[in-house]
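The values are calculated or read from the model by the stated rules, or taken from the named source; none is laboratory data. Keep in mind the model is a prediction, meaning the values are calculated, not measured. Here the Cβ positions follow ideal geometry from the backbone for every residue, glycine too, while neighbour counts run over all protein chains shown. Please note that ligands, DNA and RNA were not included when accessible areas were found on the heavy atoms of the full protein model with its side chains. Shrake-Rupley method; radii C 1.70, N 1.55, O 1.52, S 1.80 Å.
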Amino acid sequence: MNFRVTFAAALLSASSLSPAAAQEVTLRGVSAFNLNTTFSREFNTFVDWVNENGKGVVQIDILGGPEAVPPFELGNAVQSGVVDIANVTSAFYPNLVPTGDAIHLAESTIQDQRASGCYEVIDRIHGDQMNVKYLAHAGDGVPFHLYLTKPIDGPDLTGLTIRTTPVYQAMFSALGANLVRTAPGEVYSALERGAIDGYGWPSQGVLDLGWDEQTKYRVDPGFYNVDVNILVNLDVWNALTDGQRAKLEEGADWMESTNTQNAARNEEEFARQAEAGIETITLEGEARDKWLTTAQEAGWAHVEDVDKALADELRSCLTK
Ligand code: 173
């Protein structure tokens, strides 16, 4: 049976979004990441904050993680209103916001983007193309890395088959890799079967799903910044009262202020990876320059191919 039909039917009766009637509204939330893992962490703390500070105004009920809605379907689910609020990375909804890759290429924080007006550009694109409010952004200060089962001695990935998402696609393919796109839930078994020689993933979260058991190397330096965004269906957002919207925005600001903890968290995570036997391959000198330059150039070239006008608008406000 189609999950969307059953899921939507199960939820319709629970919906209480009648703005005039409801003093307190409850939003139904889903995360693209397992609820007890790293990239649901900020969403969980945001929801706890709202449920604590929004009593009588707005509450959020987390229905589940990837078992509730498959990660690559969550963008569609929040677009159509099957869920009201979603925790998801732009890499999981490229079908809806094809220039979303620009967000992880940013050289600025969400606080900078709110101050500069760049936030409004990203929010406008999400509204126009996906029918969502771009409410909050986590992941600043969390870079992406390549993890491997066999060593490399430079930035040449020819002959390696690497698990990817849109985040790493342009860079790893420019460096010669064969790519396989999978949701996080499929990485462990792909490694176990030897179907892939490695995978792209952020600095944090490798141990959450036991991937350390199948991982021998992390390649440094990392590149880009993670984007894990809290999105609200735009019809739902527009039907809220000013007070309800203000409470959610206050929670978003608070959650975003915790992004500064990521530098320390990366260090803790690298120590845990080392304890778990993951060795670091550090690219230096020209190899490092090639790695980082390819990341940035191939990344922007892809966004420009998708939509030159939006790419130019995003690049001029997201980079220095
Ligand atoms: O590798 C991924 O699945 C991915 O693109 C991602 C993005 C943000 C956080 C974690 C993973």
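With closer than 16 Å to residue 136 by Cα and of a type in the set (S, T, N, Q) as the only criterion, which of 266, 238, 259 stands out? Before the answer, list the steps.
Values: 266 fails: closer than 16 Å to residue 136 by Cα; 238 fails: closer than 16 Å to residue 136 by Cα.
None of the others qualify; the one that does is 259.
Mind telling me which of the residues 207, 179, 175 ends up being farther than 24 Å from residue 100 by Cα and either surrounded by 15 or more Cβ atoms within 10 Å (Cβ to Cβ) or touching a Pro at 6+ places or on another chain (Cβ under 8 Å) (or both)?
207
So, in region 189-204, of the ones that are of a type in the set (Ser, Thr, Tyr) and surrounded by 15 or more Cβ atoms within 10 Å (Cβ to Cβ), which residue ends up farthest from the ligand (Cβ to nearest atom)? Let's see the steps before the verdict.
Of all residues in region 189-204, those of a type in the set (Ser, Thr, Tyr) come to 189, 199, 203.
Adding the requirement that they be surrounded by 15 or more Cβ atoms within 10 Å (Cβ to Cβ) leaves 199, 203.
Numbers: 199: 7, 203: 10 Å.
Out of the qualifying residues, it is 203.
Considering only region 266-279, I want to know if a residue exists there that is part of a helix (DSSP H, G or I), farther than 27 Å from residue 209 by Cβ, acidic (Asp, Glu) and open to solvent by 70 Å² or more (accessible area, probe 1.4 Å).
Step one: list which residues in region 266-279 are part of a helix (DSSP H, G or I), which gives 266-275.
Narrowing further to those that are farther than 27 Å from residue 209 by Cβ: none.
No, that holds for no residue.
Search region 63-88 for residues being among the small types (Gly, Ala, Ser) and either in a helix (DSSP H, G or I) or under 18 Å from residue 100 (Cβ atoms) (or both), and hand back the single one that is most open to solvent (accessible area, probe 1.4 Å).
Going through region 63-88, the residues among the small types (Gly, Ala, Ser) turn out to be 64-65, 68, 75, 77, 80-81, 86.
Of the ones still in play, those that are also either in a helix (DSSP H, G or I) or under 18 Å from residue 100 (Cβ atoms) (or both) are 75, 77, 80, 86.
Details: 75: 1, 77: 0, 80: 79, 86: 0 Å².
Across region 63-88, the extreme among qualifying residues is 80.
Within region 108-116, is even one residue within 15 Å of the ligand (Cβ to nearest atom) and open to solvent by 10 Å² or more (accessible area, probe 1.4 Å)? Break it down stepwise before answering.
Taking region 108-116 as the starting set, the residues that turn out to be within 15 Å of the ligand (Cβ to nearest atom) are 110.
Going one step further and asking which of them are open to solvent by 10 Å² or more (accessible area, probe 1.4 Å), we end up with none.
Within region 108-116, not a single residue is within 15 Å of the ligand (Cβ to nearest atom) and open to solvent by 10 Å² or more (accessible area, probe 1.4 Å).
For region 157-170, how many residues are closer than 14 Å to residue 298 by Cβ and away from the ligand (no atom under 12 Å from the Cβ)?
2
Take region 89-107 and flag every residue that is within 16 Å of the ligand (Cβ to nearest atom) and either closer than 19 Å to residue 257 by Cα or part of a helix (DSSP H, G or I) (or both).
Initial filter on region 89-107 (within 16 Å of the ligand (Cβ to nearest atom)): 89-106.
Those that are within 16 Å of the ligand (Cβ to nearest atom) and either closer than 19 Å to residue 257 by Cα or part of a helix (DSSP H, G or I) (or both): 89, 90, 91, 92, 101, 102, 103, 104, 106.
How many residues are of a type outside the set (Lys, Arg) and within 20 Å of residue 205 (Cα to Cα) if we restrict to region 25-83?
First pass over region 25-83, keeping only residues of a type outside the set (Lys, Arg): 25-27, 29-40, 42-54, 56-83.
Then drop every residue that is not within 20 Å of residue 205 (Cα to Cα), which leaves 30-40, 42-46, 64-67, 70-72.
Qualifying residue count for the region: 23.
Looking at region 96-149, which of the residues that are over 16 Å from the mean Cα position of the chain (by Cα) and among the basic types (Lys, Arg) is farthest from residue 73 (Cα to Cα)?
The extreme case among them is 114.
Is it the case that region 159-167 has a residue that's within 20 Å of residue 32 (Cβ to Cβ), in contact (Cβ under 8 Å) with a residue 12 or more places away in the chain, in a helix (DSSP H, G or I) and open to solvent by less than 30 Å² (accessible area, probe 1.4 Å)?
Of all residues in region 159-167, those within 20 Å of residue 32 (Cβ to Cβ) come to 163-167.
Subset that is in contact (Cβ under 8 Å) with a residue 12 or more places away in the chain: 163-167.
Checking which are in a helix (DSSP H, G or I) leaves us with 166-167.
Filter again for open to solvent by less than 30 Å² (accessible area, probe 1.4 Å), leaving 166-167.
The answer is yes, given that some residue of region 159-167 is within 20 Å of residue 32 (Cβ to Cβ), in contact (Cβ under 8 Å) with a residue 12 or more places away in the chain, in a helix (DSSP H, G or I) and open to solvent by less than 30 Å² (accessible area, probe 1.4 Å).
(1) assigned to a loop (DSSP other than H, G, I, E, B); (2) within 16 Å of the ligand (Cβ to nearest atom): which one isn't true of residue 229, the others all being true?
The number of the failed condition is (1).
List pairs: first in region 24-39 and without any contact (Cβ under 8 Å) to a residue 12 or more places away in the chain and closer than 18 Å to residue 132 by Cβ, second of a type in the set (Lys, Arg) and surrounded by 22 or more Cβ atoms within 10 Å (Cβ to Cβ), Cβ under 9 Å, 6+ apart or cross-chain?
none
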